[in-house]
1. Quick check: is even one residue across region A:70-80 within 22 Å of B:Ala204 (Cβ to Cβ), within 9 Å of another protein chain (Cβ to nearest Cβ) and touching a residue at least 24 places away in the same chain (Cβ under 8 Å)?
2. May I ask you to list the residues in region C:233-261 that are among the aliphatic types (A, V, I, L, M) and within 43 Å of the chain's Cα centre (by Cα)?
3. Check whether at least one residue in region A:67-76 is under 19 Å from A:Ser5 (Cβ atoms), part of a strand (DSSP E or B) and open to solvent by 10 Å² or more (accessible area, probe 1.4 Å), and report yes or no.
4. Just need a number here: residues in region C:192-208 that are of a type in the set (Asp, Glu) and in contact (Cβ under 8 Å) with a residue 24 or more places away in the chain.
5. Among all residue pairs at least 6 apart or on different chains, which show Cβ distances below 7 Å where the first residue, located in region B:86-102, is of a type in the set (Asp, Glu) and the second is assigned to a loop (DSSP other than H, G, I, E, B)?
6. Residues being within 7 Å of chain B (Cβ to nearest Cβ) and assigned to a helix (DSSP H, G or I): count how many of those fall in region C:168-202.
Amino acid sequence: MACGSTKLWNGEATWFCCGSAWGPCASAGGGACGTCRSSALQAAWPNASKACWDITRPDLCGEDIPRRGCGSVMKVRHDCSGASVCVTVSDCGPRTRSFCSESTCCDGVCRTNRVIDLTPAAFSAIGSLSSGTLPVSIFE
Amino acid sequence: MSAYRTGDPLDRRRFLTTAALHGATVVGATALGAVDADAAFAAPIRPLDPAVAESAFAEGRITAINDDVLAVAGSYGDHSRVRVTGATSVWKARATTAADIETGDGLYARGVPLPDGTLAADAVWVNIVNLHATIRGIEKTRLHLAHGQHEIVGNLMAETTSAAYGTASPTADLSRLTIGQSAQVLGAWRPSDGSVDLVRVAVAPGAGRRR
Amino acid sequence: MSALVRDLASLVLAGVLGPAGAGKLFGRGTARQAPRTALARLLRDGGRAALALRVLGAVELLLAAGLLAPPATPLPGAAAALLGAGFLGYLGYARAAAPGSSCGCTARQDAPLTWRAFVRAAAVLAGGAAAALAQQPWWTAAGRRPAAALCLVLAAAAALTALAADPDRRWRMPLRRLRLRITGHPLAATGAGTAVPVAATVELLERSRAWQSVSRVVRSALLDHWDDGGWRILQFAGVYGGGQAARPVLVLFAVDAGASLDTVREPAVRVSVLDADSGAPVMATA
């Protein structure tokens, strides 16, 4: 996938639901950008806007994550398998500050802090939804 | 290969166990731990088989089950048909089989689109939810969770529900959960009453202290 | 009775505005919560929103003092009614600007815009109007009919408690915490278990070198698992080879059933790939 090769960040990826949905996700709404859908290859970024940053506060975990607004395209690569997926920033998240210093390792190399939230479509393209978190590298 | 073909699942498992234990042993390499993380991960990625079509995804509520095909009504009025075979993994609070799937269940499916318009599923996750919640109450059989403005009951399941504390791996020990903790809750939603069967409750490192 | 309600409105309203104003003005949570309110959107800045909230707190405190203390004039009541009307207008705006939570990760658990907020604002508006129309100061009215006044204040306090934002956090959570402290943790017994959950084994596997080496073959998520003789067997489905030679396979991993990432950093994982139709091994080494 040719959606980015310049290293942007790395950390943990989790997944979330958005848009029209079933179950407890039904109340999720279209997200901070208004376009978020669980079935699309999309992501939530902790610094999608100033207001978003104020909620996620990755700086409290030592992550000075750069601003990438709605519509930014990124490649997310699962560090353990090399599988990757291209996503569009469509929401604000994850709430990095609530899980400071949480880490996910792959063969001894660890990624710390939740830095990106993927839709089920994007997350399942590179890992199993039942895994919850993945160590990832992010490119743009 | 008679044991492999037998109808008895125990025989089949025994056969597969023997096969698995004859497999090659791969041990994690410590050398990686000593080098720069980024350099270690920068090794070229083996390309996926180009002959295999890019995977597709389906989402929605199951409206009907016809043999091995699930009719799925998407959340945006779209419809899809998901084919579940013996090679499809089925998750519904645990690794299970297609027999556990019911009409009305929610689903995420990943697979390969077939020429007949169905999605040949590699994996389906039934009713799976992954919520950021706050623990508001703890009882013997359930947790009370606040998810945004909604209250959700989380059912504890013996031998299935695990807790992950910070960076430690999941454990059956739930005694360190406390009221007020922020938690990432992975579980299976029950369409009948809206509660969630808890599979994994992950709390932040050092959780329990006030933010 | 309605005259008593009107005359005591200043007292009750001061009881509402005073603590709310003090909370906003001096509370440590104001700066943390401000960016998540619709006010921040209106002012386009979390810091300005925090400042506005503190100013509002000071105004509420001043009004409470004006309502409580002599001289008894209709002015503080009228100002409070104006404030209530302002609250209603702001809530209407906030509802339109942010009709629900934006997503699972940014759900505003600190500032739910519920019907309670609207009723509270309406109560401030009505209370202010009543206080402005009062015939006599509240202390005179209460002195004349102390029993009725006490009942009225208690009823108002009960109604206000019910209207308080997030009743769950205010009193249900502390009660549950207290009960846990007295009766012990209801899940204490789970602490004794030593079995490693399957989730921990899957985690161990998915972070292992063995997984990295065959993940390109694996297509499914976990299909089945079982324990046998101290081993935990994990079964996946996959496709081996490409083009015409591609064939469905089973991918089996055998891991020590008692191992997790807490106990072993370099797990020894046995990997085998079997033809899905015949059960014959198709890959000797990973």
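The values are calculated or read from the model by the stated rules, or taken from the named source; none is laboratory data. Keep in mind the model is a prediction, meaning the values are calculated, not measured. All Cβ positions, even for glycine, are placed from backbone atoms using ideal geometry, and neighbour counts span all protein chains on display. Quick note on the areas: whole protein, heavy atoms, side chains included, nothing else; ligands and nucleic acids left out. Shrake-Rupley method; radii C 1.70, N 1.55, O 1.52, S 1.80 Å.
1. So far as region A:70-80 goes, yes, one or more of its residues are within 22 Å of B:Ala204 (Cβ to Cβ), within 9 Å of another protein chain (Cβ to nearest Cβ) and touching a residue at least 24 places away in the same chain (Cβ under 8 Å).
2. Listed by number, the residues that qualify are C:Ile233, C:Leu234, C:Ala237, C:Val251, C:Leu252, C:Ala254, C:Val255, C:Ala257, C:Ala259, C:Leu261.
3. Among the residues of region A:67-76, at least one is under 19 Å from A:Ser5 (Cβ atoms), part of a strand (DSSP E or B) and open to solvent by 10 Å² or more (accessible area, probe 1.4 Å), which makes the answer yes.
4. Within region C:192-208, residues that are of a type in the set (Asp, Glu) and in contact (Cβ under 8 Å) with a residue 24 or more places away in the chain number 1.
5. B:Asp100/B:Lys92
6. 10
The rows are residues; the columns are (1) in a strand (DSSP E or B); (2) under 30 Å from A:Arg114 (Cα atoms); (3) not assigned by the TED database to the domain that holds B:Met157.
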site: B:Ala71; (1), (2), (3): yes, no, yes
site: B:Arg81; (1), (2), (3): yes, no, yes
site: B:Ala93; (1), (2), (3): no, yes, yes
site: B:Gly104; (1), (2), (3): no, no, yes
site: B:Leu107; (1), (2), (3): yes, yes, yes
site: B:Gly111; (1), (2), (3): yes, yes, yes
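Okay, residues lined up against (1) outside the structural domain of C:Leu160 (by the TED database); (2) farther than 23 Å from B:Thr96 by Cβ; (3) touching a residue at least 60 places away in the same chain (Cβ under 8 Å):
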site	(1), (2), (3)
C:Gly184	yes, yes, no
C:Ala210	yes, yes, yes
C:Arg216	yes, yes, no
C:Phe236	yes, no, no
C:Gln244	yes, yes, no
C:Ala254	yes, no, no
C:Val273	yes, yes, no
